[in-house]
1. Just the Cα atoms of segment 14-94: what Rg and Dmax do they give in Å?
2. For segment 30-46, just list the computed ³J(HN,Hα) in residue order, Karplus coefficients 6.51, -1.76 and 1.60, θ = phi - 60°, integers in Hz, with x standing in for Gly and Pro.
3. Give the label of the value calculated from the structure for P(r) over Cα pairs in 10 Å bins from 0, in percent, choosing from (1) 8, 26, 13, 5, 7, 13, 17, 8, 2, 0; (2) 11, 39, 40, 9, 0; (3) 10, 35, 34, 16, 4, 1, 0.
4. Rg(Cα) of segment 62-151 divided by 2.2 N^0.38 Å?
5. What percent antiparallel are the DSSP beta bridges of the chain, to the nearest 5?
6. Of the trypsin sites (Lys or Arg not before Pro) in segment 43-151, which ones lie in a loop per DSSP and count no more than 13 other C-beta atoms within 10 Å?
7. What are the ³J(HN,Hα) values, in whole Hz, obtained from phi via the Karplus relation 6.51 cos²θ - 1.76 cosθ + 1.60 with θ = phi - 60°, for each residue of segment 104-116 in sequence order, with x given for Gly and Pro?
8. Figure the gain on full extension for Glu4 and Ala44 (residue separation times 0.36 nm, minus the Cα-Cα span) and round it to one decimal in nm.
Amino acid sequence: MNKELPAPVPRLTVITLGVSDIRTSIAFYDALGFSRRLKATGEAVAFYDTGGPVLALFHWDQLAADARLPDKPRPTTFRGVTLAWNCASREEVDAVLTFALSKGATLLKSAHETDYGGYSGYFADPDGHPWEVVVAPGIEVGDDRRVHLAD
């Protein structure tokens with residue numbers, strides 16, 4: 001008998017960033033205002049409440065080893081992944097970019113009108129992980145801090 005297993009419910013629960021200096025990264029994400037949870041983990045790993053999936057920071061080499069991937073050479077180019085900070089207005093995009101830069105982020109791209117009718121810019125965290133700060137048609141951020149997509 002060939003019994004088909006039911007499909008699991010898909011979910012994205014944690015995004016883990018490999019970081020070079022966990023203290024620097026913890027200070028950066030604390031300064032951005034993300035709420036750190038499970039502080040008992042100390043500097044082994046840091047977990048942040050983002051209003052959706054959890055953001056985790058973990059030592060770069062240990063994360064690579066855990067995934068059985070080489071940790072060298074470290075990429076200095078685009079890694080194929082960006083994080084996004086969706087906003088409610090163009091003014092909020094500008095404010096978030098200014099705020100992130102004041103906390104040590106590096107500006108990758110100034111805020112600008114997009115070809116899809118949005119407004120976005122990019123910053124990088126201390127390890128070069130790129131964040132898009134954006135307001136986009138059909139994507140709203142609710143009072144619950146969660147992203148709501150139009151049908």
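1. Reported Rg and Dmax, both Å: 14.1, 43.
2. Using θ = phi - 60°, the values come out as 4, 5, 6, x, 5, 8, 6, 10, 6, 4, 4, 6, x, 9, 6, 7, 10 Hz.
3. Given (1) 8, 26, 13, 5, 7, 13, 17, 8, 2, 0; (2) 11, 39, 40, 9, 0; (3) 10, 35, 34, 16, 4, 1, 0, the structure-derived one carries the label (3).
4. On the way: Rg = 15.3 Å, N = 90, 2.2 N^0.38 = 12.2 Å.
Rounded to two decimals, the normalised Rg is 1.26.
5. Details: 22 of 32 bridges.
Within the chain, antiparallel bridges account for around 70 percent of the total.
6. Details: sites: Arg68, Arg79, Arg90, Lys103, Lys109, Arg145, Arg146; in loops: Arg68, Arg79, Lys103, Arg145, Arg146.
Counting only loop positions with at most 13 other Cβ atoms within 10 Å, the trypsin sites (Lys or Arg not before Pro) in segment 43-151 are Arg68, Arg79, Arg145, Arg146.
7. x, 5, 10, 6, 9, 7, 5, 4, 7, 5, 9, 6, 9
8. On the way: separation 40, 0.36 × 40 = 14.40 nm, distance 4.03 nm.
Between Glu4 and Ala44, full extension yields an extra 10.4 nm.
Taken together, the values in this text are just the output of simple stated rules run on the coordinates, not laboratory data. Given the structure is predicted, the values throughout are model-derived calculations rather than measurements. Quick reminder, even Gly has a Cβ in these numbers, built from the backbone with ideal geometry, and neighbours come from all protein chains shown.
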